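Quick note: the coordinates plus some simple rules give every number you see, no bench work behind them. Worth saying up front: this structure is predicted, and the values here are computed from it rather than measured. Because the Cβ atoms are built from the backbone with ideal geometry, glycine has one as well, and the counts that use them run over all protein chains shown.
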Amino acid sequence: MRLLIMGPQGVGKGTQAALLSTHYDIPAISTGDIFRFNIKNKTPLGLEALSYTDKGELVPDELTNSIVKDRLAQDDAANGWILDGYPRNAAQVEALDAMLAELGQKLDAVVALEASRDVLLERMAKRAKEQGRSDDTPEVIAKRLETYEKETAPLLDIYKQRGLLISVNGVGEIDEISNAIIAELDANVQAR
């Protein structure tokens, strides 16, 4: 199974991607985790990414696209994957389409998690305290949510038109959300 998990920051994409990864025995690939690993280890990629993330800006497409392409071509992703945090804009949708065509793969579904802005702000404030993430200041959070609404949310319409979109309420017990996603995926992907 090849999935995208989408939604605004703080909606629980990473948590759900990890659970789906275990359920379907496929890797969860988070562009944010890849960048954070490189930032923590002060690699050239990490330092370049940090110059953007500390200001609440997205890492440029060229850099993100090359990381995703490399990761999808790795052996553990041959039988499926879950992408978390990619694509974030229309240009990345085109880049992903080209990558999949080159790899001879197709996207099975796009899971969109939804939650209100108040819930998202509360979750990210809690995450900032617990994890000490430098990119979770109130100003950066607000900018990221605005960027999501402007650039990423419209992508859901693209995937809806392609018949791939599954929308799930991202508020509630983690297991209930995960079970709802799995039920939708199993019903929709097997029906195709």
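Quick notes on this one:
- Qualifying residue in region 105-115 (condition: touching a residue at least 12 places away in the same chain (Cβ under 8 Å), in a strand (DSSP E or B) and out of contact with any helix residue (DSSP H, G or I) (no Cβ under 8 Å at 6 or more places or on another chain)): yes
- Residue 174 being surrounded by 15 or more Cβ atoms within 10 Å (Cβ to Cβ) and among the aliphatic types (A, V, I, L, M): no
Condition check ((1) surrounded by fewer than 18 Cβ atoms within 10 Å (Cβ to Cβ); (2) of a type in the set (Val, Ile, Thr); (3) under 26 Å from residue 136 (Cβ atoms)) across all residues:
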site	(1), (2), (3)
85	no, no, yes
101	yes, no, no
107	yes, no, no
114	yes, no, yes
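- Residue satisfying all of: in region 24-79; among the aromatic types (Phe, Trp, Tyr) and under 27 Å from residue 138 (Cβ atoms); surrounded by the fewest Cβ atoms within 10 Å (Cβ to Cβ) among these: 37
- Of the residues making up region 58-95, those that are of a type in the set (A, V, I, L, M, F, W, C) and in contact (Cβ under 8 Å) with a residue 60 or more places away in the chain are 58, 81, 82, 83, 90, 93.
- Residue in region 18-28 that is within 26 Å of residue 184 (Cα to Cα), touching a residue at least 24 places away in the same chain (Cβ under 8 Å) and within 12 Å of the chain's Cα centre (by Cα) present: yes
- The helices (runs of 4 or more DSSP H) found wholly in region 126-192 and carrying at least 2 residues that are closer than 26 Å to residue 106 by Cα, touching a residue at least 24 places away in the same chain (Cβ under 8 Å) and among the β-branched types (Val, Ile, Thr) occupy 174-191.
- Across region 129-160, the number of residues qualifying as under 14 Å from residue 90 (Cα atoms), surrounded by 16 or more Cβ atoms within 10 Å (Cβ to Cβ) and not aliphatic (A, V, I, L, M) comes to 5.
- Single condition residue 90 does not satisfy, out of (1) surrounded by fewer than 19 Cβ atoms within 10 Å (Cβ to Cβ); (2) over 23 Å from residue 2 (Cα atoms): (2)
- Looking across region 68-91, just one residue is polar (S, T, N, Q) and touching a helix residue (DSSP H, G or I) at 6+ places or on another chain (Cβ under 7 Å), and that is 89.
- Number of the exception - residue 67 against (1) among the aliphatic types (A, V, I, L, M); (2) closer than 30 Å to residue 119 by Cα; (3) in a helix (DSSP H, G or I): (2)
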